[in-house]
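*Asks:* Take this structure, written in structure tokens, and hold onto it; I'll ask about it next.
The values are calculated or read from the model by the stated rules, or taken from the named source; none is laboratory data. All of these numbers come straight from a predicted model, not from anything done at the bench. In this analysis, Cβ positions are derived from the backbone assuming ideal geometry, glycine residues included, and neighbour counts consider all displayed protein chains. Note: accessible area is taken over every heavy atom of the protein model, side chains too, but ligands, DNA and RNA are not part of it. Shrake-Rupley method; radii C 1.70, N 1.55, O 1.52, S 1.80 Å.
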Amino acid sequence: LKALEIEPDYAAAHYNSGNANATLNRHDAACAAYKKAIELDPGFTDAYVALGCAFEELGQIDEAEASYRKALEISPNYAEVHRNLGRTLLAPGRQEEAIACFKRAIELQPGNAEVLLILGTAQKARGYLEAAQSSLMKAHEASPENIEILLHLGDTCLELEQADHALACYRKVTEFDPKNAVAFNNMGNVYFSLGQFFEAEANYRRAVELKPDFSAAHGNLGCVMKDIGKPLESLKSLRRAIEIAPDDSTVRSNLLFIGHLMEDKSPIELFEEAKAFGKIAAQKAKPATSWNNTPNSVRRLRVGFISGDLQFHPVGFFIEGVLHALKSRNSGELEVFAYANNARVDPATLRIKNHCDHWREIFGRMDNEIAEMIRQDEIDILIDLSGHTARNRLPVFAWKPAPIQVTWLGYFATTGMEAIDYLIADPWTLPGSEEIYFTETIWRLPETRLCFTPPDVNVVIRPLPALSEQTITFGCFNNLNKMNDKVVATWARVLSEVPNSRLFLKARQLYQSASPSSSPVREAVVKQFAGYGIESSRLVLEGPDVRENYFAAYNRVDIALDPFPYTGGTTTAEALWMGVPVLTLAGKDFLARQGVGLLTNAGLNDWVANDLDDYVARAVAHSKDIDKLSVLRFRLREQVLASPVFDASRFAMHFEAALRGMWQKWCSENSVPIERNA
């Protein structure tokens, strides 16, 4: 201040005054001082830089960007300014520009750990995982004890499915900081990805012990408790996560998904939970109310599919054949866009991509950014393939980027999103009485809502194992989280009434490693059945396997048993393809009737039970007719391949007609009347 009194036109003094005000968090005053310094000395680079920093502190990002750009006009090789400019570009979702700025900063100042860290995290968020790993490795080399770098490097390794490297990073963090809750949570994520659920649980519990308000850790703990068969504890953890972070859409989706695993789930409560999700998503969005789409009912339609599962995944198994058939129809009716929300690419991804006219990578993109992309593509009908499952982008739909929005395939209940117009079902899976629990209008395909792609493996169907084993082997290859107490009790009844029969369970929870803690799930299963008088010798318990061996395992099964109320979808189609009939229970709601839809369309009506007693009776009756089972085994694959369950061409025709029907309805409601001359 004294300097300014002596020489009021001294730019450096105003600059120093700005620095003093910034130190005191008086950023408005700092801005005024920096502006005065620039007025007096238009080439004062550091004043522009400092002004940009002050604008950032005030949340005036556009002004900060302008200041940094002015500084670079004067000093284009100023590494720190490139970094700062990149930082401002991250906020509005301009990540590509930001990454370019960080790269330029590194060119000017190689080995800067701070810039390499922010570059790596930006690349990771954008889905450039290999590049992110490279940047973060360099950052780690420059600053080997930096915990933040190690955490982000570990996360990137996990995304790249390099579990050992990820664990090494997180363990290093705990060496430097034994009470780092994030590291324990992330170690839990690694173990969860490996199917080592008890190790995952222990690490999640340690994370919430260290940081009781750690929402993500509570949510993750909820997910792992689901997979080790403790749904009540799972819901408790998820509700705690929501208490801490009520607007976390991922946790809310997990809560809805897990709620459907409950034996005594309340449809009203789940419906209200879904609507709560929808309201939160809507509050964060600015929905479009008009579109550039021409309401011509007969023109070619631009159809978009959003999914994080366009790969080796159940959704991929069901969508691949359908997209291939839609393209093969060559009707010119549809132009297909895929919006892929996953950085991982596998052979199935490449095949699916080949069946699409356009492929958009949206992993790491912000909701509004994706919505604008869809608007620019002028999508007529936007289709969600995820519902409340992992990697969903349901909040994008709240922006209403397309005039017609639909949910299909990957989920089995309402999304709760008012912005989604239709849910695709069929005559078998969704009774009319259940429509009150959906925010979407139900649009039914005439035969099946699911069409499975024949597996890309060559596995020969072997003779019925009961012919050589002299005993019936029942099997279930579903996720064990579907095997609730009522299912165990019912299957135990079946085993009791079919002498010498066995139950073959194959699931990822039954994975065995060198770790002794991988056995509690197996012990729990044995204990559950022992409670109903079934000895462990009658149980065959196996973990996951490579695809060929997985299918070959069906050659050791005579009859597949469908769990309930969460019935199988993928596993049912796979069993039928391998010549193994599936016994299902006809439930009341959408989820509980997946088996009904598949088996009815496969021509296996006598494998659908009406209640638990009927379920047991049918299992016993079918197991006694070995000759009929043997004949069915060798004709079933041919039978189902010709059925609506596998006939993609037939399905595509119905699917295309449904989309056209939705579009014609929209056109009739949005067409502009043509004025005629008198």
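*Asks:* Considering GLU269, GLU273, which residue is outside any loop (DSSP other than H, G, I, E, B), in contact (Cβ under 8 Å) with a residue 60 or more places away in the chain and over 30 Å from ARG329 (Cβ atoms)? If you could, list the steps in order and put the result at the bottom.
*Replies:* On the way: GLU269 fails: in contact (Cβ under 8 Å) with a residue 60 or more places away in the chain.
Exactly one residue qualifies, and that residue is GLU273.
*Asks:* Among (1) open to solvent by 50 Å² or more (accessible area, probe 1.4 Å); (2) polar (S, T, N, Q); (3) in contact (Cβ under 8 Å) with a residue 60 or more places away in the chain; (4) under 30 Å from GLY195 (Cβ atoms), where does SER253 come up short?
*Replies:* The one condition SER253 does not meet is (1).
*Asks:* Shifting gears a bit: Which residues, taken from segment 327-343, are polar (S, T, N, Q) and either farther than 18 Å from GLU656 by Cβ or assigned to a loop (DSSP other than H, G, I, E, B) (or both)? Quick ask: steps written out before the conclusion?
*Replies:* Of segment 327-343, the ones polar (S, T, N, Q) are 328, 330-331, 341-342.
Across segment 327-343, the qualifying residues are ASN330, SER331, ASN341, ASN342.
*Asks:* Right, next: Can you name the residue in segment 659-678 that is among the hydrophobic types (A, V, I, L, M, F, W, C) and closer than 19 Å to THR294 by Cα and, of all such residues, is modelled with the lowest pLDDT? If you could, list the steps in order and put the result at the bottom.
*Replies:* First pass over segment 659-678, keeping only residues among the hydrophobic types (A, V, I, L, M, F, W, C): 659, 662-663, 666-667, 672, 674, 678.
Filter again for closer than 19 Å to THR294 by Cα, leaving 659, 662-663, 666-667, 672, 674.
Values: LEU659: 98, MET662: 98, TRP663: 98, TRP666: 97, CYS667: 96, VAL672: 57, ILE674: 43.
It comes out as ILE674.
Quick grid of which residues meet (1) at pLDDT below 95; (2) under 19 Å from ASP485 (Cα atoms):
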site: SER215; (1), (2): no, no
site: ASN220; (1), (2): no, no
site: LYS226; (1), (2): yes, yes
site: LEU232; (1), (2): yes, yes
site: LEU235; (1), (2): yes, yes
site: ALA241; (1), (2): no, no
site: ALA245; (1), (2): no, no
site: LEU255; (1), (2): yes, no
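*Asks:* Which condition does ASN146 not pass, out of (1) in contact (Cβ under 8 Å) with a residue 24 or more places away in the chain; (2) touching a helix residue (DSSP H, G or I) at 6+ places or on another chain (Cβ under 6 Å); (3) among the polar types (S, T, N, Q), if it passes all the others?
*Replies:* Unmet for ASN146, out of (1) in contact (Cβ under 8 Å) with a residue 24 or more places away in the chain; (2) touching a helix residue (DSSP H, G or I) at 6+ places or on another chain (Cβ under 6 Å); (3) among the polar types (S, T, N, Q): (2).
*Asks:* Filter segment 144-195 for residues that are farther than 23 Å from ALA343 by Cα and acidic (Asp, Glu) and give the result.
*Replies:* GLU145, GLU175, ASP177
*Asks:* A further question follows. Inspect segment 97-104 for any residue being in contact with a Leu (Cβ under 7 Å, 6 or more places away or on another chain), acidic (Asp, Glu) and more than 24 Å from ARG344 (Cα to Cα) and give the result as yes or no.
*Replies:* First, pick out the residues of segment 97-104 that are in contact with a Leu (Cβ under 7 Å, 6 or more places away or on another chain): 97-99, 101-103.
Keeping just the survivors that are acidic (Asp, Glu) gives 97.
So of that shortlist, the ones also more than 24 Å from ARG344 (Cα to Cα) come out as none.
No, segment 97-104 contains no residue that is in contact with a Leu (Cβ under 7 Å, 6 or more places away or on another chain), acidic (Asp, Glu) and more than 24 Å from ARG344 (Cα to Cα).
*Asks:* How many residues does segment 428-446 hold that are assigned to a loop (DSSP other than H, G, I, E, B) and open to solvent by less than 70 Å² (accessible area, probe 1.4 Å)? Walk me through how you get there before you give the answer.
*Replies:* So the first thing to find is which residues in segment 428-446 are assigned to a loop (DSSP other than H, G, I, E, B), and the list is 428-431, 438-440, 445-446.
Those left that are additionally open to solvent by less than 70 Å² (accessible area, probe 1.4 Å): 429-431, 438-440, 445.
Residues meeting the conditions: 7.
*Asks:* Under 7 Å between Cβ atoms, at least 6 apart or on separate chains: pull out the pairs that start in segment 627-651 with a residue that is on the phi < 0 side of the Ramachandran plot and β-branched (Val, Ile, Thr) and end on any residue that is open to solvent by 10 Å² or more (accessible area, probe 1.4 Å) and part of a helix (DSSP H, G or I).
*Replies:* Here the result reads VAL640/TRP577; VAL645/ASN601, each pair linking segment 627-651 to a residue that is open to solvent by 10 Å² or more (accessible area, probe 1.4 Å) and part of a helix (DSSP H, G or I).
*Asks:* Hey, another quick one. Report every pair of residues separated by at least 6 positions or lying on different chains whose Cβ atoms are under 6 Å apart, first residue within segment 109-134 and more than 19 Å from ARG365 (Cα to Cα), second open to solvent by 20 Å² or more (accessible area, probe 1.4 Å).
*Replies:* GLY111/ALA142; ALA113/ALA142; ALA113/SER143; VAL115/ARG83; VAL115/ILE106; LEU116/LYS138
*Asks:* Keeping to segment 384-406, report how many residues are polar (S, T, N, Q) and open to solvent by 10 Å² or more (accessible area, probe 1.4 Å). It would help to see each step written out before you state the result.
*Replies:* We begin by selecting, within segment 384-406, every residue polar (S, T, N, Q); these are 386, 389, 392, 405.
Restricting the remaining residues to those that are open to solvent by 10 Å² or more (accessible area, probe 1.4 Å) gives 389, 392.
Selection size over segment 384-406: 2.
*Asks:* Contact list please: Cβ distance under 8 Å, first residue in segment 162-188 and farther than 19 Å from GLY219 by Cα and of a type in the set (Lys, Arg), second residue open to solvent by 30 Å² or more (accessible area, probe 1.4 Å) and at pLDDT 95 or above, pairs at least six apart or on different chains.
*Replies:* Listed pairs, sorted by first residue: LYS179/LEU210.
Residue-wise test of (1) modelled with pLDDT of 95 or more; (2) open to solvent by less than 30 Å² (accessible area, probe 1.4 Å).
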site	(1), (2)
GLU96	no, no
ARG126	no, yes
LEU150	yes, yes
ALA166	yes, yes
GLU175	yes, no
SER193	no, no
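*Asks:* Among what's in segment 344-372 and is open to solvent by 70 Å² or more (accessible area, probe 1.4 Å) and part of a helix (DSSP H, G or I), pick the residue that is nearest to PHE305 (Cα to Cα).
*Replies:* Ranking the candidates gives LYS353 first.
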